[in-house]
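Asks: Sharing a structure here in structure tokens format.
The values are calculated or read from the model by the stated rules, or taken from the named source; none is laboratory data. Worth saying up front: this structure is predicted, and the values here are computed from it rather than measured. Glycine gets a Cβ as well: all are built from the backbone with ideal geometry, and neighbour counts include every protein chain shown.
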Amino acid sequence: MTQAPKQQINDYIAGFPEEIQDRLKQMRTLIQKTAPDAEEAMVYGVPTFKLNGNLVHYAAFKKHIGLYPTPSGIQAFKKELSNYELSEGTVRLPHDQPIPFDLIKQMVEFRVKENLEKSS
């Protein structure tokens, strides 16, 4: 029997050093509060929030947390994200910098609106 998604995510987070666990938990809580109707899942081996499809993924790496708000989420906030390393659908949030909670909240709100609009 496979584990429930919440437990899989708890286990994923527990696999990192404590300071990175704290950052992942903060990210998870922020996304949960911003998108309370989204469901948690493990997709591509990383924690994911789903709402009418994939909403946003996040993952920890040695030097950063990767946030994956899809290419449209990156494009919509390209100016605000100019201080971060980006790729088409990814923003890298270095561990040696504070997490930009307000910006992430705006990005998640954008993605919720986008996903809800495509379903109507």
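Asks: Give the number of residues within the range 7-48 that are over 12 Å from the mean Cα position of the chain (by Cα), more than 12 Å from residue 59 (Cα to Cα) and in a helix (DSSP H, G or I).
Replies: Residues meeting the conditions: 9.
Asks: Kindly establish whether residue 63 is closer than 16 Å to residue 106 by Cα, free of Cβ contacts under 8 Å to residues at least 60 places away in the same chain, surrounded by fewer than 16 Cβ atoms within 10 Å (Cβ to Cβ) and not acidic (Asp, Glu).
Replies: Working: closer than 16 Å to residue 106 by Cα: no; free of Cβ contacts under 8 Å to residues at least 60 places away in the same chain: yes; surrounded by fewer than 16 Cβ atoms within 10 Å (Cβ to Cβ): yes; not acidic (Asp, Glu): yes.
When the stated conditions are applied, residue 63 does not pass them.
Asks: Looking at the range 49-61 only, could you name the residues that are touching an Asp or Glu at 6+ places or on another chain (Cβ under 7 Å) and either assigned to a loop (DSSP other than H, G, I, E, B) or closer than 18 Å to residue 14 by Cβ (or both)?
Replies: 51
Asks: If you check every pair at least six apart or on different chains, which have Cβ atoms under 6 Å apart with a residue in the range 102-113 that is within 13 Å of residue 72 (Cα to Cα) first and a residue that is among the charged types (D, E, K, R) second?
Replies: Partner pairs satisfying both residue conditions: none exist.
Asks: Okay, moving on. For residues that are surrounded by fewer than 14 Cβ atoms within 10 Å (Cβ to Cβ), over 19 Å from residue 104 (Cβ atoms) and not hydrophobic (A, V, I, L, M, F, W, C), tally how many sit in the range 7-52.
Replies: Selection size over the range 7-52: 7.
Asks: Further question: On the phi < 0 side of the Ramachandran plot and either polar (S, T, N, Q) or modelled with pLDDT under 95 (or both), is that true of residue 29?
Replies: Here the answer is yes, as residue 29 does meet what is asked.
Asks: Hey, can you tell me all the residues within the range 69-101 that are surrounded by fewer than 18 Cβ atoms within 10 Å (Cβ to Cβ), assigned to a helix (DSSP H, G or I) and either charged (D, E, K, R) or in contact (Cβ under 8 Å) with a residue 24 or more places away in the chain (or both)?
Replies: 72, 76, 101
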